[in-house]
Amino acid sequence: MAGSDQSNIRSLFDIPEVEQRKIPPNAGNTTDALSRIGYEIEESLADLVDNSIDANAKNVLIRFYFTATSLERVAIVDDGHGLSPEDFDLAMQLGAETQHKPTDLGKFGVGLKTASLSQCNSFSVLSRVKSAFDGRRLTMESMDNDWTCYVLGPRQVRRFMTQDWGDVNVTRSGTVVLWDDLRISNADKNINRLIRQLYKQIKGHLGLVFHRFISSGKINIAIDSRNIDTGATNPSQPVIGLDPFEYRKTGRRGYPRDFRIPISDAGQVTLTANAHIWPPNSPLPGYKLGGGRTASRQGLYFYRNDRLIQAGGWNGIRDNDSEPHLSLARVQINLTPESDRVLRLNIQKSHIDVLPSIMKNSLDSARSHNKTFNQFIQDAQDVYRGAVKSEAPIAVAGSGFPPGVRRETRRLSGSKRKSQFPIQIRWFKRMNDDTVFTVDRERQTLRLNERYRSQLEGAGGSDSTIKALVFLLVSEEFGRTRVRASHDNAIDRLNIVLLAAMEA
C-alpha cells in the first residue's frame, strides 16, 4: 500500500454529510419486518452478498478494519452495477415495495437495513455508476428522528471507493456497505483471536450458503483485514464452496433418488426431494461442513434460486433433529415460486417455516417408483448402524512429509489403506505473527508459519523432524466428527507455548 494511502486511512473514515432527507418507512411493512430481526453476523453478511449477486457482481470482499485492541468497521465491497439516486431512496427505505425478479435472491426489501442494523448502530452505502459517486447513511439515532437519511459528500465517497480493494475492481461501477459503531463483542480483548474466529465462522457459512455460485464461478468471495494504525492489510482468504452433497461414492446403492412430494394444502404444488445417503465415516469437507456435530446436519436442505436457505433439520416431522442414526441422510429440495404459498422463508433467509403436519403428510405420501420416503429413512439408518461396527478412518502423513514418515504412519495406524486419509503439510509465508501453525480441517492440511522456520529447525532439528512432531501433536484433530471450542483452544495454547519457547 502506498505511503500516502497509509497516512489517509483514518481520514477516510470522515466522509461529511452534506444534506438530510426524510425517507419514512413504508408503514404497511414496517411492523412485520422489525418483529423478525435477529441475525448472526454470518447471516447478515450473506444477506448483503445476496444483494451483490442480484447486482451482477463477480467479486465480493469483506474487510475488517481494526486497531490493536478493537474492531472498528466492516466493509462489504462488490463490483456490481451500483446504485442510482432513485435506487438509493428505495434501498434505504424500510419495507420498500421493491419489484424483485423471480430469479433474484432478495425477497422482502428489508435485508440491507435489518442485516446491517443487527450488527451496528450506523451503516453507510457508497456506490459508483461510471463517473458518478453517491452515498447515504442511516443511524439508530437518525431513524428515531423520523427516519432521517444522510446524503454523503460525493468527493469523499469517491476518495474512499478508489482505495485498493484487492481483486474487487470498482473503476466502472460497484458498491461499498460500511458498518460502524459495531455491536460485535470482543470480551477477551485479543483482536487477532477475534478476527480468526470471525474468518472461520464467516467462511464456513458463506461457503455453504453460496456453494453453487462459487463452484460454478459466478461469484468469488474473499475476506481480509486492515490495521487502521499502520495501514497494513493482511492477505485475503478466499471463501471455498462447501457442497453438502459432494461425495465420491454413495453410501448405498440406488441413491441418490428423487421423491415426488405433493404439498397437500397447496393445490397442485409438487416438489422434488433428491434423497442422499452419505458414505459413513467420511473425512470430506462436504460432510463435516466446517466442523461441529455432523448429526445436526442431517435432514432437509432447501435451495431458492441456487442459494442454500436451510442446511439440515427435519422441520418438526421427527422428534429429534440430531439423532445419530440418521447422520448420513440428507435431502435436497429446490423451492419454486409456487411453493411460497405453503413454505414460508424467514426474514434472515436461513430457515423454511412450514407446519410439521403438512410436511409430514407430504413426505409420507412421497414416492420414488416402488420406494417410499420412510424406506429411505430406514435405508440411511441401516447404513449408519452397519458402519458403527467398522473402524473409523485414521489420519496419516501425506504430501509434504518425507517418504519414510508417510510409510511409518500408514504402517503404525493399524488400519487398512481404505480407512486412512492423508494429511498435507506446508510452509506458508502469509500467516499471522502470533501463529506457529494452524489446523485446516476442511482441506486436511497442516500449515506451518515460514516466519519461524529457521527457529524451529534450529531448536528441533531438520524440516522433517519439525513436520513429524507437529503431525503427532495434532493428527487427531483431523478425524473429529464434532469439533468443540475446547479443541480450538488447545491448538491456541500449543501456539502460545511454542512462541514462548522460541522467544526463550
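Numbers at a glance
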read-out	value
Residue among 136, 183, 196 that alone is closer than 25 Å to residue 121 by Cα, more than 17 Å from the chain's Cα centre (by Cα) and crowded, with 17+ Cβ neighbours inside 10 Å	136
Within the range 111-184, strands (runs of 3 or more DSSP E) holding 2 or more residues that are out of contact with any Leu (no Cβ under 7 Å at 6 or more places or on another chain) and charged (D, E, K, R)	173-182
Of residues in the range 432-441 being surrounded by 20 or more Cβ atoms within 10 Å (Cβ to Cβ) and part of a strand (DSSP E or B), the one farthest from the chain's Cα centre (by Cα)	437
Qualifying residues in the range 246-278 (those that are aliphatic (A, V, I, L, M) and under 28 Å from residue 386 (Cα atoms)) - the one modelled with the lowest pLDDT	273
Candidates 263, 223, 202, filtered to the one that is in the same structural domain as residue 362 (by TED's automatic domain parsing) and buried (at least 19 other Cβ atoms within 10 Å of the Cβ)	263
In the range 376-431, residue modelled with the lowest pLDDT [restricted to those that are basic (Lys, Arg) and surrounded by 13 or more Cβ atoms within 10 Å (Cβ to Cβ)]	410
Qualifying residue in the range 53-64 (condition: at pLDDT 95 or above, outside any strand (DSSP E or B) and touching an Asp or Glu at 6+ places or on another chain (Cβ under 7 Å))	yes
Some residue of the range 124-133 being charged (D, E, K, R) and buried (at least 20 other Cβ atoms within 10 Å of the Cβ)	yes
Flag if residue 233 is under 24 Å from the mean Cα position of the chain (by Cα) and among the hydroxyl-bearing types (Ser, Thr, Tyr)	yes
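Residues are listed down the side, and each one gets a yes or a no for (1) touching a Gly at 6+ places or on another chain (Cβ under 7 Å); (2) crowded, with 21+ Cβ neighbours inside 10 Å; (3) under 30 Å from residue 119 (Cα atoms):
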residue	(1), (2), (3)
298	yes, yes, yes
307	no, no, yes
315	no, yes, yes
322	no, no, yes
328	yes, yes, no
335	no, no, yes
339	no, yes, no
351	no, no, yes
364	no, no, no
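The values are calculated or read from the model by the stated rules, or taken from the named source; none is laboratory data. Please read all numbers here as calculations on a predicted model, not as lab measurements. We place every Cβ from the backbone using ideal geometry, glycine too, and count neighbours over all the protein chains shown.
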